[in-house]
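Asker: Handing you a structure now.
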Amino acid sequence: MAINFQPLVVESLAKQISENIRAAIMDGSLKVDDQLPTEEVLAKKFNVSRPTIREALKRLAAQNLIRSRRGPSGGTFVNRPSQEDLRSSLTGSTMLMVSMGEFSLSEIAEARRELELTCCPLAAEHREEEQLLTMVEEIERQKDPATTDVDFCASDVRFHRALVDATHNPVLQFVMFAVIEALQPATNLVIFRFRERAKILAQHERIYQAIKIQDAEAVEDALSEQMDYLCEQYAQAQEWQRERDESSQ
């Protein structure tokens, strides 16, 4: 077990300590199920108070990097975050960056287009009935006039998640999770007033049919058509936002 016990500055000691321990976990110096030293030992090693150590450990626990166990064999141990924990963290970070304006609509559109097109051939080749059924369910939901804009956007996300899941490639599924669960909803909120549901629905039906018959080229063509259409709506939304900002000045 190796933790980098470096001298610390006064500001945010708990944060620095948690980052020190986190780095040891990430680089493999601390492994899953390794037990951390006691609060008392850590306090002496870092030359800080035990409340500061407790705060540092709380930060790590909030990231699901450690867990505590009571009893004679208890203590604080390095945790193995679940796929869901990691995906949630990735999505949260992505959403934060979007809210801070780190990504433009055009950048999001470009990245989503290239990444999702990568999924198309694998989705066509490896799709199973589960993904096809999900797509059909979402298409039927999108056809329903009673479906609200919010529900339509959520259905759109689920449809494209099924496309990615159809690849059965865990790396693509993980990488695309933030794209589908964070970037796509963020852009949907901007362009839902400009896009035509009927066009999105028709494109989804084409994508579904192409995946069903395992025609990779047709899947790519249908998805490209949808991405081209969405890019037009992004441009329209940005122009609308610009005009609104100018009128409010």
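The values are calculated or read from the model by the stated rules, or taken from the named source; none is laboratory data. Not measured: the values here are computed from a predicted model. Here Cβ is always computed from backbone atoms with ideal geometry, including for glycine, and neighbour counts include all displayed protein chains.
Asker: Which pairs turn up if I take residues in the stretch 13-25 that are closer than 15 Å to Asn47 by Cα and look for partners that are surrounded by fewer than 18 Cβ atoms within 10 Å (Cβ to Cβ) and aliphatic (A, V, I, L, M) with beta carbon separation below 9 Å, at least 6 apart in sequence or on another chain?
Answerer: The qualifying pairs are Gln16/Leu8; Gln16/Val9; Ile17/Leu8; Asn20/Leu8.
Asker: Since Glu128 meets every condition but one in (1) in the same structural domain as Gly28 (by TED's automatic domain parsing); (2) among the charged types (D, E, K, R); (3) exposed (fewer than 13 other Cβ atoms within 10 Å of the Cβ), which condition does it not meet?
Answerer: Tallying (1) in the same structural domain as Gly28 (by TED's automatic domain parsing); (2) among the charged types (D, E, K, R); (3) exposed (fewer than 13 other Cβ atoms within 10 Å of the Cβ), Glu128 fails exactly one: (1).
Asker: Just one of Ser29, Ser73 is without any contact (Cβ under 8 Å) to a residue 24 or more places away in the chain, in a loop (DSSP other than H, G, I, E, B), out of contact with any Cys (no Cβ under 9 Å at 6 or more places or on another chain) and of a type in the set (S, T, N, Q); which is it? Let's see the steps before the verdict.
Answerer: On the way: Ser29 fails: without any contact (Cβ under 8 Å) to a residue 24 or more places away in the chain.
Result of the check over Ser29, Ser73: Ser73.
Asker: Something else: All but one of (1) at pLDDT 90 or above; (2) part of a loop (DSSP other than H, G, I, E, B); (3) within 19 Å of Ser89 (Cα to Cα) hold for Ile21; state the number of the condition that does not hold.
Answerer: Ile21 satisfies every listed condition except (2).
Asker: Looking at the stretch 87-123, which of the residues that are without any contact (Cβ under 8 Å) to a residue 24 or more places away in the chain and acidic (Asp, Glu) is farthest from Thr167 (Cα to Cα)?
Answerer: Ranking the candidates gives Glu102 first.
Asker: Return yes when Glu55 is out of contact with any strand residue (DSSP E or B) (no Cβ under 8 Å at 6 or more places or on another chain), modelled with pLDDT of 90 or more and surrounded by 15 or more Cβ atoms within 10 Å (Cβ to Cβ) and no when it is not.
Answerer: Details: out of contact with any strand residue (DSSP E or B) (no Cβ under 8 Å at 6 or more places or on another chain): yes; modelled with pLDDT of 90 or more: yes; surrounded by 15 or more Cβ atoms within 10 Å (Cβ to Cβ): yes.
Against the criterion (out of contact with any strand residue (DSSP E or B) (no Cβ under 8 Å at 6 or more places or on another chain), modelled with pLDDT of 90 or more and surrounded by 15 or more Cβ atoms within 10 Å (Cβ to Cβ)), Glu55 qualifies.
Asker: For Gln131, indicate whether it is out of contact with any Phe, Trp or Tyr (no Cβ under 7 Å at 6 or more places or on another chain) and within 13 Å of Ile211 (Cβ to Cβ). Show your work before the answer.
Answerer: Details: out of contact with any Phe, Trp or Tyr (no Cβ under 7 Å at 6 or more places or on another chain): yes; within 13 Å of Ile211 (Cβ to Cβ): yes.
Yes, satisfied.
Asker: If a residue counts only when it is out of contact with any Asp or Glu (no Cβ under 9 Å at 6 or more places or on another chain) and over 29 Å from Leu96 (Cβ atoms), which helices (runs of 4 or more DSSP H) contained entirely in the stretch 111-217 have at least 3 such residues?
Answerer: Details: elements: 129-143, 149-165, 170-178, 184-191, 197-212.
Of the helices (runs of 4 or more DSSP H) lying wholly inside the stretch 111-217, those with at least 3 residues that are out of contact with any Asp or Glu (no Cβ under 9 Å at 6 or more places or on another chain) and over 29 Å from Leu96 (Cβ atoms) span 129-143, 197-212.
Asker: If you don't mind, there's one more thing I want to ask. Tell me the residue from Glu107, Glu102 that is in the same structural domain as Val171 (by TED's automatic domain parsing), closer than 22 Å to Phe174 by Cβ, at pLDDT below 90 and part of a loop (DSSP other than H, G, I, E, B), please.
Answerer: On the way: Glu107 fails: part of a loop (DSSP other than H, G, I, E, B).
Checking each option against the conditions leaves just Glu102.
Asker: Could you pull out the residue among Asp144, Asp165, Asp156 that is without any contact (Cβ under 8 Å) to a residue 40 or more places away in the chain, in the same structural domain as Glu239 (by TED's automatic domain parsing) and within 21 Å of the chain's Cα centre (by Cα)?
Answerer: Asp165
Asker: Quick one: how many residues across the stretch 21-39 are over 25 Å from the mean Cα position of the chain (by Cα), surrounded by fewer than 17 Cβ atoms within 10 Å (Cβ to Cβ) and over 7 Å from Val78 (Cα atoms)?
Answerer: 3
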